[in-house]
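The values are calculated or read from the model by the stated rules, or taken from the named source; none is laboratory data. It should be emphasised that the depicted structure is a prediction, and the values quoted were computed from it without experimental measurement. Because the Cβ atoms are built from the backbone with ideal geometry, glycine has one as well, and the counts that use them run over all protein chains shown. Ligands, DNA and RNA are stripped out before the accessible areas are found, and what is left, the full protein with its side chains, is counted by its heavy atoms. Shrake-Rupley method; radii C 1.70, N 1.55, O 1.52, S 1.80 Å.
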Amino acid sequence: MRLIRTTDYNDMSRKVANIISAQVILKPKSSLGLATGSTPIGAYQQLVRWYEKGDVDFSEVCTYNLDEYYGLLPSDPHSYRHFMDTNFFDHINIRRENTFVPDGANLDREAECARYDALLQAVGHLDLQLLGIGRNGHIGFNEPGEVFSKGTHCVDLSQSTIEANSRLFGSIDDVPRRAYSMGVQAIMNARMILLAASGEDKAQAVHDMIFGPVTPRCTASILQLHTNCVVVADRDALSLCPQA
Ligand code: F6R
């Protein structure tokens, strides 16, 4: 695991965007695993600015999102499909048919998980998987538990995740209780993992991810076993980690 220390959210965002744009410049046909949430927004904005300046071209890129709320239509403003469109895809030259997000509107869980896994299996290895980290150490919506889940699955969100994500909904009661999530195996299959973390509320999870035991109780700890994992974290997110 390689650690890149940054001063703050903006610094983190620029470095994350730099790594993603280098990937796309070096391999225009890259397959990118993408994340939603507050963490990657600054990086997406930076990538949009570089696209507008002509520095990076997404016309051949394919993207696969980590997760989606179960039961939400793609047009729902709280859906992750909507998030990706409005924060990123609408502003770059990616082909819409090359952007994949689990379909929250498909209530047949078995069929939807099988469909998404088949898509991922057809790719084989994502070139780069971007991740945020939950306060409880989740990656995607792979919540802490007894085992690492392999394939795409429909998860019952933990109370901690429901509370953390309620800031984006009218009230906590509006937060969906379930979500589709890519499994840990597909994440670990990526050729490169790029995990971004910002803020003091992530400090414990970041510490446990890097220094704790590899355990499904902190899902991100499995990244210690990946041979090409880069963590870009700001000072606050690293506040519980040793300085060296
Ligand atoms: C989102 C995702 C989640 C988030 C995590 C952190 O697609 O997979 O694991 O990365 O919950 O969320 P933020 O960035 O909002 O703190």
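Output yes when any residue across segment 195-210 is touching a residue at least 12 places away in the same chain (Cβ under 8 Å), in a strand (DSSP E or B) and away from the ligand (no atom under 11 Å from the Cβ), and no when none is.
no
Might you let me know whether segment 147-161 holds any residue that is crowded, with 20+ Cβ neighbours inside 10 Å, aromatic (Phe, Trp, Tyr) and not in a helix (DSSP H, G or I)?
no
Given SER38, SER13, SER31, which one is within 16 Å of the ligand (Cβ to nearest atom), touching a helix residue (DSSP H, G or I) at 6+ places or on another chain (Cβ under 6 Å) and among the small types (Gly, Ala, Ser)?
SER13
Considering segment 198-232 alone, what residues qualify as being touching an Asp or Glu at 6+ places or on another chain (Cβ under 7 Å) and either closer than 13 Å to ILE4 by Cβ or surrounded by fewer than 18 Cβ atoms within 10 Å (Cβ to Cβ) (or both)?
Correct list: SER198, GLU200, PRO216.
Between a first residue in segment 157-169 that is within 16 Å of GLY137 (Cβ to Cβ) and within 8 Å of the ligand (Cβ to nearest atom) and a second residue that is among the aliphatic types (A, V, I, L, M) and assigned to a loop (DSSP other than H, G, I, E, B), which pairs have beta carbons less than 7 Å apart while being 6 or more apart in sequence or on different chains?
Sorted first by the residue in segment 157-169, then by its partner, the pairs are ASN165/VAL175.
For segment 139-174, how many residues meet the condition of being farther than 24 Å from LEU223 by Cα and of a type in the set (Gly, Ala, Ser)?
Residues meeting the conditions: 3.
Taking only segment 110-146 into account, find how many residues are of a type in the set (S, T, N, Q), over 24 Å from MET12 (Cβ atoms) and part of a loop (DSSP other than H, G, I, E, B).
Number satisfying all stated conditions: 0.
Identify, by number, the condition in (1) open to solvent by 30 Å² or more (accessible area, probe 1.4 Å); (2) more than 10 Å from the ligand (Cβ to nearest atom); (3) at pLDDT below 95 that ALA118 doesn't meet.
Every condition holds for ALA118 apart from (3).
Is there a residue in segment 186-203 that is more than 25 Å from TYR44 (Cα to Cα) and modelled with pLDDT of 95 or more? Before you say what the answer is, go through the steps one by one.
So the first thing to find is which residues in segment 186-203 are more than 25 Å from TYR44 (Cα to Cα), and the list is none.
Among the residues of segment 186-203, not one is more than 25 Å from TYR44 (Cα to Cα) and modelled with pLDDT of 95 or more, which makes the answer no.
From the list ARG167, ARG235, ARG135, which one is within 29 Å of ASN106 (Cα to Cα) and either crowded, with 22+ Cβ neighbours inside 10 Å or modelled with pLDDT of 95 or more (or both)?
Working: ARG167 fails: either crowded, with 22+ Cβ neighbours inside 10 Å or modelled with pLDDT of 95 or more (or both); ARG235 fails: within 29 Å of ASN106 (Cα to Cα).
Just a single option satisfies the conditions, and that option is ARG135.
Which residues, taken from segment 44-78, are closer than 16 Å to LEU131 by Cα and either assigned to a strand (DSSP E or B) or touching a strand residue (DSSP E or B) at 6+ places or on another chain (Cβ under 7 Å) (or both)?
THR63, TYR64, ASN65, LEU66, ASP67, GLU68
Which residue out of ASP108, ASP57 is more than 16 Å from the ligand (Cβ to nearest atom), over 13 Å from TYR180 (Cα atoms) and among the acidic types (Asp, Glu)?
It is ASP57.
Go through segment 41-51 and give me each residue that's away from the ligand (no atom under 14 Å from the Cβ) and either without any contact (Cβ under 8 Å) to a residue 24 or more places away in the chain or buried (at least 23 other Cβ atoms within 10 Å of the Cβ) (or both).
LEU47, ARG49
Can you pull out every residue in segment 72-86 that is away from the ligand (no atom under 11 Å from the Cβ) and crowded, with 17+ Cβ neighbours inside 10 Å? Talk me through it step by step, then tell me what you get.
Kept after step one, since they are away from the ligand (no atom under 11 Å from the Cβ), are these residues of segment 72-86: 72-79, 81-82, 85-86.
The answer is LEU72, HIS78, SER79, ARG81, HIS82, ASP85.
Name the residue that is nearest to ALA179 (Cα to Cα), counting only residues in segment 75-105 that are out of contact with any Gly (no Cβ under 9 Å at 6 or more places or on another chain) and among the aromatic types (Phe, Trp, Tyr).
Selected residue: PHE100.
Checking GLU68 against (1) within 12 Å of the ligand (Cβ to nearest atom); (2) open to solvent by 10 Å² or more (accessible area, probe 1.4 Å): exactly one of these is not met. Which one?
(2)
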